[in-house]
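To start, the structure itself, in structure tokens.
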Amino acid sequence: MATATAPAPAVPTTFGQAVIGPPGSGKTTYCLGMSTFLAGLGRRVAVVNLDPANEGTPYACAVDIGELVTLPDVMEALKLGPNGGLVYCMEYLEANLDWLHDRLAPFRSHYLLFDCPGQVELCTHHGALRSVFAQLAQWGFRLTAAHLVDSHYCTDPAKFISVLCTSLSTMLHVELPHVNILSKMDLIEQFGKLAFSLDYYTEVLDLSYLLDHLASDPFFRHYRQLNEKLVQLIEDYSLVSFIPLNIQDKESVQRVLQAVDKANGYCFGVAEQRSLEAMMSTAVGADFHFTSTLGIQEKYLPSPEEDAVEQEDMHL
């Protein structure tokens, strides 16, 4: 007579974010600001540093890859450059996932923020970081990739098309629920004026207008066909859009969090919803409502009237 086998114990679900993006996009600052915001909502939050090049992080690390491997040690021991060293570090982490599993075990009841390395190739070509994310999923971690891109790229059509290609490649390679974020919105005007309104860039509207801008540049005029093919590829997938973020603006942070929670399936509890309403009413007044891209544009970009006055002053 066959004996019934006991069912396997249910794997606990832990929610969080994998914070990725190129160097200088603000990943570490994002982790600090988002962890502070989440703590204000009453979530138990912990930050995991997976960047072996991070030294002196401004947040308290619950888990630090520096205990396992550091980039300076790898570069010195193996005579590698920064890029090769980071690849080796991620492969070393992939080969020692038991270390990560043991370190994460005490934080299964927390909301986790994974501060990831900034080398673009790790999220577009190399497989080590993707394997780490896949293993985390098997352990019951439900993560959203929060992909940060510096908003100043919007001021240059060629760079913006490049960012779109990188974002699309990252989305297809990382294989996680994905939210693209335009960071440092409060600094965007320091790098030049936008050719179009902000929602053109966040919603990635008709990119043929960018081709017309590139055609006015003698250098890019010779590569119009290549640019047309890149634009067609981006529009054929129709996956890339952005959420603008100023990490010091509670409204902006909440809007990003709302998108992230929707992507990974996290649901607000009743107490947390009340905390959110109280926090936001203190920040922006009692008539709080979720801001749109238009609201972000009004806050951080000059109006057409202000532009006209500025142009007139320049002529005077």
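The values are calculated or read from the model by the stated rules, or taken from the named source; none is laboratory data. In this text the structure is predicted, and so the values were computed from the model without any measurement. Positions of Cβ are generated from backbone atoms using ideal geometry, with glycine treated the same way; all protein chains shown enter the neighbour counts. What goes into the accessible areas is simple: the full protein's heavy atoms, side chains included, and nothing from ligands, DNA or RNA. Shrake-Rupley method; radii C 1.70, N 1.55, O 1.52, S 1.80 Å.
The packing ranking of peptides 111-122, 189-200, 255-266, highest mean first, is 111-122, 255-266, 189-200, where packing means the average number of other beta carbon atoms within 10 angstrom of each residue. Taking the alpha-carbon centroid of each part, what is the distance from region 32-54 to region 110-154 in angstrom? Answer, in whole Å: 15. The magnitude of the dipole of region 160-269, with charges of +1 and -1 set on the Cβ of Lys/Arg and Asp/Glu and taken from the Cα centre, is near 180 debye.
For the residue pairs LYS193/LYS262; LYS159/LYS193; LYS159/LYS229, alpha carbon separations beyond 21 Å are given by LYS193/LYS262.
For ARG130, the solvent-accessible surface computed with a 1.4 Å probe is close to 80 Å², ligands and nucleic acids excluded.
Label zone of ARG44 (point 7 Å out along Cα→Cβ, amide N under 14 Å): in region 75-118 this covers 104-112. Taking all Cα pairs closer than 8 Å and separated by 6 or more residues, the relative contact order of region 119-183 comes to 47 percent.
Would you work out if region 39-164 is rounded, prolate or oblate? Take a ≥ b ≥ c from the square roots of the eigenvalues of the alpha-carbon gyration tensor; rounded if a/c is under 1.5, else prolate when a/b is larger than b/c, oblate otherwise. It comes out oblate by the Cα gyration axes.
Taken along the Cα-to-beta-carbon direction at a fixed 7 Å, the label points for LEU68 and TYR237 span 2.7 nm. Pick out, from PRO106, GLY33, GLY84, the residue whose Cα sits farthest towards the positive end of the charge dipole of region 32-107, with +1 on the Cβ of Lys and Arg and -1 on the Cβ of Asp and Glu. Checked the options; the winner is GLY33.
Tell me, what is the FRET efficiency for LEU78 and THR13 to the nearest 0.05, using R0 = 41 angstrom and their Cβ-Cβ distance as r?
0.60
The charge dipole of region 53-138, taken about its Cα centre with unit charges on the Cβ atoms of Lys, Arg (+1), Asp and Glu (-1) only, comes to about 220 debye. In percent, rounded to a whole number, the relative contact order of region 34-97 is 24, using alpha-carbon pairs under 8 Å and six or more apart. Each Cα pair under 8 Å and six or more residues apart adds its sequence gap; the mean of these over the residue count of region 1-151 is a relative contact order of 44 percent.
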